[in-house]
Amino acid sequence: MQANDQTLTGALEKIAEKFGSRLLVPEAAHTDPREELIIRYTIGSGKFVLVRGSPKIVVTGKIYKLNGDEDGKWEGIDEPVAPIPETFVPPPEPQPPFDKPAPVVDTVEVLSYAKGRFTFGDGSSITAIGPANIRVIYYVDGAAQLWITGDQIITNGTGAFADARGLKTVGGSTWVTAEKAADLTAAGEFQAKTIEVFRVIRGKDIKRP
């Protein structure tokens with residue numbers, strides 16, 4: 001029985017090592033050994049603020065590694081450029097075929113723009129900016145779900161990421177209670193959670209023009 005316990009413990013330790021504190025993205029997912037692929041999730045809060053009558057969404061939160069270890073903080077701003085009602089309407093349903101260049105790909109209107117700064121646990125940071133899309137649905141109980149996706153360009157950074165370049169994608173989800181959801185721009189503070197994926201080349205590996 002003791003041997004079985006030890007075997008089970010050993011197996012759990014191996015699983016924890018693979019998916020826990022040493023969790024790394026597989027090498028096969030990198031295009032080059034110098035490309036750094038970072039995946040994090042964030043938990044924080046957001047709120048609508050009005051600047052000269054124009055709504056902005058300000059979000060702040062803590063950064064976590066996929067094993068749950070805290071790894072810094074981030075702050076960002078999303079600026080809608082379309083009226084809130086337009087966020088309720090999904091884009092056109094894409095038509096097949098999906099493996100041939102026909103028919104034309106429908107245009108999806110960009111509904112917002114976003115920028116953010118991510119400061120990791122070692123003090124290094126990454127900044128990124130780019131177009132985003134915000135979509136809203138209401139639950140049957142009146143609560144609202146806001147999704148924000150962003151396709152951003154890494155413009156710079158500090159510390160280990162000084163002069164870095166690359167891409168950052170985000171899938172964000174915010175939830176507003178039924179009591180606050182009647183008027184989203186006046187909802188006050190609401191919870192926000194995101195998944196962040198960074199593809200980064202550090203400044204030392206980039207050849208300047």
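A few notes on this one:
- Of everything in the stretch 48-67 that is hydrophobic (A, V, I, L, M, F, W, C) and within 17 Å of the chain's Cα centre (by Cα), the residue that is modelled with the highest pLDDT is Ile63.
- Residue satisfying all of: in the stretch 96-115; surrounded by 10 or more Cβ atoms within 10 Å (Cβ to Cβ) and acidic (Asp, Glu); farthest from Ala132 (Cα to Cα) among these: Asp106
- Subset of the stretch 68-98 that is of a type in the set (Asp, Glu) and assigned to a loop (DSSP other than H, G, I, E, B) - its residue that is farthest from the chain's Cα centre (by Cα): Glu93
- Residue match in the stretch 178-200 (condition: out of contact with any Phe, Trp or Tyr (no Cβ under 9 Å at 6 or more places or on another chain), surrounded by 17 or more Cβ atoms within 10 Å (Cβ to Cβ) and of a type in the set (Val, Ile, Thr)): no
- Looking across the stretch 178-202, the residues that are β-branched (Val, Ile, Thr) and either closer than 25 Å to Glu36 by Cβ or at pLDDT 85 or above (or both) come down to Thr194, Ile195, Val197, Val200, Ile201.
- Residue-level analysis places Gly166 outside the set of residues that are surrounded by fewer than 14 Cβ atoms within 10 Å (Cβ to Cβ) and modelled with pLDDT of 95 or more.
The values are calculated or read from the model by the stated rules, or taken from the named source; none is laboratory data. Note that the coordinates shown come from a computational prediction; the quantities given were computed from them, not determined experimentally. Cβ coordinates were reconstructed from backbone atoms using ideal geometry, including for glycine residues, and neighbour counts include every protein chain displayed.
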